[in-house]
Amino acid sequence: MLSPFADDVWVLARRVRFFGVETGTRMTVVRLTGGGLFVHSPVALDEETRRVVDALGEVRAVVAPSIFHHLYVGEWIAAYPRAIFAGCPGLDRKRPDLAFSAVLGDEPHEAWRDDLDQVSFSARRENEVDFYHHKSRTLLVADALLNLAQHDDPVTRFVARLMGNRGPGLGWMEPLMVRDRAVARRQVDRMLAWDIDKVVLAHGTLVEGEGREVLRAAYAWL
């Protein structure tokens, strides 16, 4: 069920496995100025999910913000053919079967530019694009602040300990996911210029406050 998280922001968590490990995933829905909806990291679109989403407004845009967050986009295209569908760089080549309207970059699409800003975190191997909702001061990320340390699955928590993943974006694997540290530093600094309070993670516990410090701590090594 969709749960309110911030002003005009709702989240929906689902269980999902990645390389056999239960990591969970989370979709975010943002109500745009004028009432339309922006859907980030869409999950499977079952009948109940469609009902609660439609109750919030008209789906105007759906984004797949990481090379790994694409599994259910086809279901949303079939259900909302008039919406804008945008994927991170490279996803149009990975999923040529999906009719993406646009490729995400540093500049927000006109459909959501009045409500959200974005940064292409291209220095990460997932080609992630991260978003900032001005009204609620909320950062939306996909894989950039992975946090499995508090997961309810004991196997997942064990894997998190092996990875040194004791908090959002922490652990020895994170530097391996960055292709270019200098570029990553510039991209993180652009995000740190946002007045971030809350953070929605696709994988991990929601950050309820001081989100900018969470982001700063995660990338202090750059």
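Here are some notes:
- Looking across the stretch 91-108, the residues that are farther than 24 Å from ARG185 by Cα and surrounded by 14 or more Cβ atoms within 10 Å (Cβ to Cβ) come down to ASP92, LYS94, ARG95, LEU98, PHE100, SER101, ALA102.
- The stretch 119-139, residues that are in a strand (DSSP E or B) and free of Cβ contacts under 8 Å to residues at least 24 places away in the same chain: none
- Number of positions in the stretch 42-85 that are modelled with pLDDT under 95 and of a type in the set (Phe, Trp, Tyr): 2
- Residue match in the stretch 114-134 (condition: in contact with a helix residue (DSSP H, G or I) (Cβ under 8 Å, 6 or more places away or on another chain), under 27 Å from THR33 (Cβ atoms) and basic (Lys, Arg)): no
- Here the stretch 19-69 is the region considered, the condition is being within 22 Å of SER120 (Cβ to Cβ) and in contact with a Gly (Cβ under 7 Å, 6 or more places away or on another chain), and the residue that is surrounded by the most Cβ atoms within 10 Å (Cβ to Cβ) is ALA64.
- Of the listed requirements (1) in a strand (DSSP E or B); (2) surrounded by fewer than 13 Cβ atoms within 10 Å (Cβ to Cβ), PRO175 misses just one: (1).
- Residue in the stretch 73-80 that is touching a helix residue (DSSP H, G or I) at 6+ places or on another chain (Cβ under 7 Å), of a type in the set (A, V, I, L, M) and in a loop (DSSP other than H, G, I, E, B) present: no
- Considered as a group, the residues in the stretch 123-157 that are of a type in the set (Gly, Ala, Ser) and surrounded by fewer than 24 Cβ atoms within 10 Å (Cβ to Cβ) include one that is modelled with the highest pLDDT, and that residue is SER136.
- Annotation: PHE85 fulfils all but one of (1) touching a Ser or Thr at 6+ places or on another chain (Cβ under 6 Å); (2) over 16 Å from ASP130 (Cβ atoms); (3) among the hydrophobic types (A, V, I, L, M, F, W, C); (4) touching a residue at least 40 places away in the same chain (Cβ under 8 Å); the unmet one is (4).
The values are calculated or read from the model by the stated rules, or taken from the named source; none is laboratory data. If you're wondering where the values come from, they're calculated on a predicted model, not measured in any experiment. FYI the Cβ positions are ideal-geometry reconstructions off the backbone, even for glycines, and counts take in every protein chain you see.
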